[in-house]
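First the structure, in the form of structure tokens, and then the observations on it.
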Amino acid sequence: RSQMAEAFINKFSEGKYFAESAGIEGGKLNPVVVQVMKEEGIDISANKTKTVDEMLAQKKQFDFVITVCDEANAERCPLFPGGGKKIHWGFPDPSAFKGTEEEKIFFIRTVRDAIKEKVKFFLDH
């Protein structure tokens with residue numbers, strides 16, 4: 001979710017914002033997420049996953065800190081100290097979805113499209 005939001009913000013903000021995503025734990029990009037982002041003309045396959053701890057160690061400051069975890073896991077959403085405005089956008093976790101490959105692709109497309117619309121709304125307001 002955060003990789004998708006990062007990519008959409010960086011694409012649609014036309015340089016007004018620069019987004020970086022991070023999670024609680026390091027990991028690998030979900031290959032189906034990479035696939036459905038390519039459908040949008042965005043290649044995130046070379047993106048590195050980062051943790052909030054890495055961001056904190058670099059003493060990064062942000063104007064906005066947007067969390068994208070689902071409501072069921074909101075208590076695990078990373079907290080990022082600092083003066084940035086905190087915003088929560090709850091989206092289901094694509095990696096937690098169980099189903100056939102076709103069902104996973106459909107589900108992740110749905111999450112992608114919801115993130116895309118939320119990003120566009122954010123940037124327009």
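The values are calculated or read from the model by the stated rules, or taken from the named source; none is laboratory data. As the structure is a computational prediction, the values presented were derived from the model and not from experiment. Please note: Cβ atoms are built from the backbone with ideal geometry, for glycine as well, and neighbour counts cover all protein chains shown. These accessible areas exclude ligands, DNA and RNA; they are computed on the full protein's heavy atoms, side chains included. Shrake-Rupley method; radii C 1.70, N 1.55, O 1.52, S 1.80 Å.
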- Square roots of five times the C-alpha gyration tensor eigenvalues of the chain, ordered largest first and given in whole Å, equal 22, 17, 14
- Note on the structure: With a 27 Å threshold on alpha-carbon distance, the violating pairs from K11/K98; K38/K86; K50/K118; K59/K85 are K11/K98; K38/K86
- Query: Counting only residues 5 or more places away or on other chains, whose amide H sits under 5 Å from the amide H of G23 once H atoms are built in the peptide plane?
  - Reply: K50, T51, V52
- Query: So how far apart, in nm, are the two label points at F64 and H125 if each is 7 Å from Cα heading toward Cβ?
  - Reply: 1.0 nm
- Message: Report the Rg/Rh value for the stretch 28-75, based on alpha-carbon coordinates and the Kirkwood definition of Rh.
- Response: 1.04
- Item | Linear extension gain, K48 paired with D93, 0.36 nm per residue minus alpha-carbon span | 14.4 nm
- Item | Inter-label distance for E101 and K85, nm, one decimal - labels placed 7 Å from Cα along Cα-to-Cβ | 4.3 nm
- Solvent-accessible area per residue for the chain (1.4 angstrom probe, square angstrom): 62 Å²
- How much length is gained if the chain between A114 and L29 is pulled fully straight, taking 0.36 nm per residue apart and subtracting their Cα-Cα distance, in nm to one decimal? 28.7 nm
- Query: Where the accessible area of the stretch 13-88 is counted over protein heavy atoms with a 1.4 Å probe, how much of it, in %, is carbon and sulfur?
  - Reply: 52 percent
- Hey, can you grab everything whose amide H is under 5 Å from the amide H of T67? Only 5+ residues off in sequence or another chain; H modelled, so Pro and N-termini drop out. I87, H88, W89
- Message: Show me, for the stretch 6-16, the HN-Hα J-couplings you get by feeding each phi into the Karplus relation (A = 6.51, B = -1.76, C = 1.60, θ = phi - 60°), rounded to Hz, glycine and proline as x.
- Response: 4, 5, 5, 4, 5, 6, 8, 7, 6, x, 5
